[in-house]
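Q: What follows is a structure written as structure tokens; I'll ask about it next.
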Amino acid sequence: MRTTIELTEDQRSELLRLAAQKGMKGFSQLVQEAVNAYLDSQNSRASLIEAAIALKGSLQNKSADEFEQRTKAIRENWR
């Protein structure tokens, strides 16, 4: 299916360069690969979020409190 997308000149040039390195005439296949990779990452992210939500309530109160304290400590010392 054909569609129109907006690219900067730098993006277009880089896509053409990469396509030429791979022996392609244009960069449509590269754009398709990029879109597929993006969609896969979003689907994976959604699956991970669903799995995390499904775990809600699976820890005992004491374990949940310890986990929360450790998480807060890590976040405070992150930088």
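Q: Would you mind finding the one in 19, 34, 64 that is among the hydrophobic types (A, V, I, L, M, F, W, C), modelled with pLDDT under 95 and part of a helix (DSSP H, G or I)?
A: 64
Q: Here's a follow-up. Exactly one of these conditions fails for residue 29: (1) within 25 Å of the chain's Cα centre (by Cα); (2) outside any helix (DSSP H, G or I); (3) of a type in the set (S, T, N, Q). Give me its number.
A: (2)
Q: Keeping to segment 17-76, report how many residues are aromatic (Phe, Trp, Tyr), closer than 22 Å to residue 1 by Cβ and free of Cβ contacts under 8 Å to residues at least 12 places away in the same chain. Please lay out each step first, then the result.
A: Residues of segment 17-76 that are aromatic (Phe, Trp, Tyr), as a first pass: 27, 38, 67.
Subset that is closer than 22 Å to residue 1 by Cβ: 27, 38.
Right, trim to free of Cβ contacts under 8 Å to residues at least 12 places away in the same chain and you get 38.
Going through segment 17-76 one residue at a time, the tally reaches 1.
Q: Then there is this: When segment 5-16 is examined, which residues are found to be part of a helix (DSSP H, G or I) and touching a helix residue (DSSP H, G or I) at 6+ places or on another chain (Cβ under 8 Å)?
A: Just the residues of segment 5-16 that are part of a helix (DSSP H, G or I), to begin with: 9-16.
Residue satisfying the conditions is 15 alone.
The values are calculated or read from the model by the stated rules, or taken from the named source; none is laboratory data. Keep in mind it's a predicted model, so treat the numbers as computed, not measured. Backbone-built Cβ (ideal geometry, glycine too); neighbour counts: all protein chains shown.
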